[in-house]
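Please treat every number below as a calculation from the coordinates, not as lab data. Since the structure is predicted, the reported quantities are computational estimates derived from the model, not experimental observations. Cβ: placed from backbone, ideal geometry, glycine included. Neighbour counts: every protein chain shown.
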Amino acid sequence: MNNFFSKTKQHYNQNLPFVIYSKPNSSNIFGILQQNNILHTIADYSEKGFVFASFDEKQLVLIPESESEIITAEKEITAFESIETDDLNFDINAKLQYESLVSKGIQAIKNEEFKKVVLSRSEEVPLKEFDFISTFQHLVQLYPTTFCYCFFHPEIGFWMGATPEQLLKANGNVFETTALAGTQKANLETEIRWEQKERDEQQYVTDFIIKRLREVANSVVVTKPYSLKAGSIWHIKTDISGVLNEKSTLQEVIDTLHPTPAVCGLPKKKAKAFILENENYDRTFYTGFLGELNSSFAESDSSSDLFVNLRSMQIQENKAILYMGCGITNESIPEKEWEESVNKSMTMKRVLKKEKRE
């Protein structure tokens, strides 16, 4: 084990907060090791460090740069054989429950309560021998185009993930973000065909982000939608960039974007209310956001690089809790949405194959 990981493991054994992560298409991994166990929080987004925020933004945890040791290393290729399997041993009650939730969402859309809602579920996977270092290395190796992370705080818990969606990249008044929606399992075909339901869903997300950003930006530039592969799943992606108004703050931009229609719905307030009333579990940090906040160690000048916490799992004693959600529109079919959620669960299950013991 190289020095980067041995130092991280020693830090964890001391029950001290840390985050290790790898950015999309990067050859480096970073670590921020907090030197005390204080729970720091965000007040106004002027802080420097790594932010870990919950879906409802009630928990805005910070690992401060000023109280941490920063470590870096180059990625290494590790021996790891991923096994592609179809998850046939699912809980029939979980399937029925999720399909019922989706049906309720479709009915609400038909009743014109909102245009789109993102409905999620959680799933427990038993663990016997779990090594977060090897699991993180497998994540980085399997999903090089995503933001891979491992976050721990004794008062918050242990989270890992590989998310394909950027919330915001900001350097001074210049910003970049993405609209990501639509999901399709990768197959041997090189050309991906998207149904109208998926194209509509992606357009909802794009239109919402552009409309909201124009309230805080002087200019907004949008690319055409294109297909993006993240592991064994394809998405539709649109890149959006621009320049903020002089009076706009980072906090305003984050509040404008989060939660996006890709994790909540449209209109945002009505969709969020439906989620909180009907999902029957607490998402906590799933579909929240995380990343570098006003950081200066990875770039030449201070910048923020934030991602939406998708394809994530919470590690607890003897189990991993996986989280996955699907965008529901008028065209949705409950059974297809269940299948999509199963495909998304495989992102994390592929790195748990070697750890899982029934």
Specify whether the C-alpha gyration tensor of region 168-270 places it in the rounded, prolate or oblate class, a ≥ b ≥ c being the square roots of the eigenvalues: rounded for a/c under 1.5, otherwise prolate if a/b is larger than b/c and oblate if not. prolate
With Cα springs under 10 Å, the Gaussian network model of the chain assigns the largest mean-square fluctuation among Q14, Q316, Q203 to Q14
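Which links in K128/K319; K116/K229; K185/K269; K48/K237; K224/K336 stretch past 19 Å when you go from one Cα to the other?
Among K128/K319; K116/K229; K185/K269; K48/K237; K224/K336, the Cα-Cα distance tops 19 Å for K116/K229; K185/K269; K48/K237; K224/K336.
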Once the Cβ-Cβ distance between L276 and R193 is put in as r, and R0 is 51 Å, what FRET efficiency do you end up with, to the nearest 0.05? 0.90
Could you give the size of the charge dipole of the chain about its Cα centre, using +1 on the Cβ of each K and R and -1 on the Cβ of each D and E, expressed in debye and rounded to the nearest 20? 380
For region 246-262, Karplus couplings with θ = phi - 60° (6.51, -1.76, 1.60), whole Hz, Gly/Pro x: 4, 8, 6, 10, 4, 4, 5, 5, 4, 5, 5, 8, 9, x, 6, x, 6
Cleavage-rule hits (trypsin sites (Lys or Arg not before Pro)) in region 197-293: DSSP loop, at most 11 neighbouring Cβ within 10 angstrom: K247
Expressed to two decimals, the chain has a Cα Rg over Rh, using the Kirkwood radius, of 0.94
In whole Hz, the Karplus estimates of ³J(HN,Hα) for region 136-147 (6.51, -1.76, 1.60; θ = phi - 60°; x where Gly or Pro) are 4, 4, 5, 4, 4, 6, 6, 10, x, 8, 10, 8
Give the relative contact order (percent, whole number) for region 73-227; include only Cα pairs under 8 Å separated by 6+ residues. 12
Hey, what number do you get for the chain at 222 nm if only DSSP H runs of n ≥ 4 count, each worth -39500 (n - 2.57), divided across all residues, to the nearest 500? -8500 deg cm²/dmol
GNM result for the chain, Cα springs below 10 Å: residue of N13, N343, N171 fluctuating most strongly: N13
I need to check one value: relative contact order of region 156-309, counting alpha carbon pairs closer than 8 Å and at least 6 residues apart, in percent. 29
Which residue, G31, G288, G172, has the most motion in a Gaussian network model of the chain that connects Cα atoms within less than 10 Å? G172
Which whole-number percentage describes the relative contact order of the chain, with Cα contacts under 8 Å and a sequence gap of 6 or more? 26
Could you pull out the GluC sites (Glu not before Pro) across region 78-187 that fall in loop regions by DSSP (anything but H, G, I, E, B) with no more than 13 other Cβ atoms inside 10 Å? E81, E84, E112, E129, E155
Phi-based couplings in Hz for region 104-121 (Karplus 6.51, -1.76, 1.60; Gly and Pro marked x): 5, x, 4, 5, 5, 5, 5, 7, 6, 6, 6, 8, 8, 9, 9, 10, 10, 8
